[in-house]
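Laboratory data are not the source of any read-out in this text; all were calculated from the coordinates shown. Because the structure is a prediction, the values reported are computed rather than measured. Glycine also receives a Cβ, built like all others from the backbone with ideal geometry; neighbour counts cover every protein chain displayed.
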C-alpha cells in the first residue's frame, strides 16, 4: 500500500494581514481595540488568581528625537506570559491564552481567537512584546514578531519590576496619523470608555485618565428627569442625533444592560437599525444588527453584554440560544415601555404611533407578536370620529368596516345618526389590519359593511304613513325602472338627508361595468356585455326616501305627476352624487334634462309661456 505523508499548511502572513485589514476588521484603528482587549483579558485572568487585584492599562506615545515615526507603548499589569506560553500563543494563529481558562470561565474574557495581535501589523512592520508571568520563574521574556512571519524569543535585557505585559509598536510612515495623542485618545475612549479600570495616556510629558465617566445607565441621579436628560444627552453624543425618548434595557440571558433611544423620524420598517454594543465594557461594534427584534425598527440602542459570544471579527454576536433569549428579553423591555406609555401617557404613545404610523402598520401585518402588541392602540377614522381599535371594541361587539373612501363618505353621516360605528379602512394597510384581527384574536368579530345594510336599521312607516306615500312609491318605481333601482320609504336620521342610495359590492361592480359599457366603443361594449352576462346576479340597488325629511313628505302630496317624476329623478341623481358614485351617460342626461325641466317649471309657475315640455 502507498505510504501516506502528513504535511503542514503553509501560512502566508502577508496574506493573512491583508485579509484582516480588508475583510475582517472595519478599519486599521481597531488595533487599539485589540491591544485594549488583550490588556483587559490579562487583567481579568490575574484577578482570577488574585481577587483583590484592580488593574491598570497605560498607553504612552514616545516621540523620536530624530523626527522619525513615533512608538506606541501599551502596558498592563495583568497575568503575563511564560516562555512556553509565548511559543504556544503568540506564534500560533488560532491559539489563545484564554482557551484553557475558557473551558471553565468562558465569560471572563473578551477575546477567544488569538489573532487580535496580528491587527497591529496593519499599522506597523514589527511588534515587540515584553512580558513577565505571575506564574513563572520571575523572568522577563521578549517576543519580536515581523510582518514577514518570522519571530524570535529571548530573555529581556530590561526586566519588568512587576508581572504584566508591554507591547511596543513603531508606526509605519503611512499610518503615522493613527499615532498622534489626539487620535490615540479618541480611539482608546471610543473602544474602552466603559472599561471599569483606569486607562492612562501619557503624551507630551503629561499623564491623564481617558475613561472617567463609565456607562451612564449605571450612574446615580437625583431624579428620574435628571436621568432621562443625561441619557438623552448621551444618545445625542453617541449617535449625533436628538431622540424623543429613552428606554432602559436589561436581559439576564447574556447579561445585557443598556438604553434604547426612540428615533425622531420614521424609517422604513424593513430598515435595519445599527446599534452600538459593548462586550464586557469593550466596544464590540457600532453596526450590530442582530441584538433587537426585527420589529424594533424605531429605536437605536447602546448596550453592554457580558455573556454573549462575539464573532471572529468581534464586531457582532453569534446567533445562538443565549442571543435569542437576550433578544426576546430586550423585546419585552420595549413592549413594557409601550404598555406603560399606554397606561401612564397615552398622548405620548399616540405621538409615537403617529410619527411611525405607516411603519408600525406595515410591521404589524408581517409580525403577529407585534400586531398583538400595537393593534389596540392604532387610531382609526370611524363614523363616530377618531378612536383606537381598543376603544372601538369596548363599545361594539363587531368591528364593521368599509374599504373605500367613497363608501365611507356615503355611509358615515347616516350611520352615525343611527348610532352605528363604521371604520373607514380605506387608508394604507387599514383593511388588512382589520381583517387580520379575527385571525389573531379568535374571539373578535369582523364584518365588512356596505350602504346596503343601512336600510335594515331604519324605522318602518305606520300603515297610515305608507298610504300617504303610496303615490310617491309608484311614481319613483316607474321613474327609476330604466336604472334597475328599487324604491323604499323609511324613517332615518339625519332628517336633513332626503334619500340614501345603497347597493352591495356586486351591485356596485355591475353599475361600474354598465357605465363603462355605455361610454365605450362597440367592440369594448360587447366585451362588457359578455362580462355582465356571465356575472352572477346581485340584489338591485335601493333608493330609500327619508319620511322624516320635509321635502319628501311634501313631494308625497304633489298632485302633478310630471313634477313628481322629475323631482324623483333629481333626488336619485343627488343621492348618487352624495354617495360619490360616478354618473353614467344616461344619468348625466337625466340630470341635464331634469334641471332644465325644473327651471322651466319655475318659469311657468311665474307666468311665462314656456310649457311643460321639459318635464317629460
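Here are the numbers for the structure shown:
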item: Estimated translational D of the range 160-199 in µm²/s (Stokes, Kirkwood radius over Cα pairs; 4 °C; 1.567 mPa s); result: 105
item: Convex hull per residue volume in Å³, alpha carbons only, for the range 216-346; result: 111
item: Equivalent ellipsoid semi-axes, the range 378-449, via Cα gyration tensor eigenvalues times 5, rooted, Å; result: 18, 14, 10
item: Per-peptide average of other Cβ atoms within 10 Å, ordering 244-253, 197-206 highest first; result: 244-253, 197-206
item: Cβ crowding within 10 Å averaged over residues, with 461-474, 285-298 ranked highest first; result: 285-298, 461-474
item: Percent breakdown of C-alpha pair distances by 10 Å bin, ordered from the shortest bin, for the range 163-293; result: 10, 33, 32, 18, 7, 0
item: Cβ-based exposure ranking for 354, 133, in which fewest neighbours within 10 Å come first; result: 354, 133
item: Per-residue Cβ neighbour rank within 10 angstrom, fewest leading, 275, 268, 158, 356; result: 158, 268, 356, 275
item: Order of 566, 238 under a 10 Å beta carbon neighbour criterion, fewest first; result: 238, 566
item: Rounded Å value of the spacing that divides the Cα centres of the range 350-379 and the range 26-42; result: 41
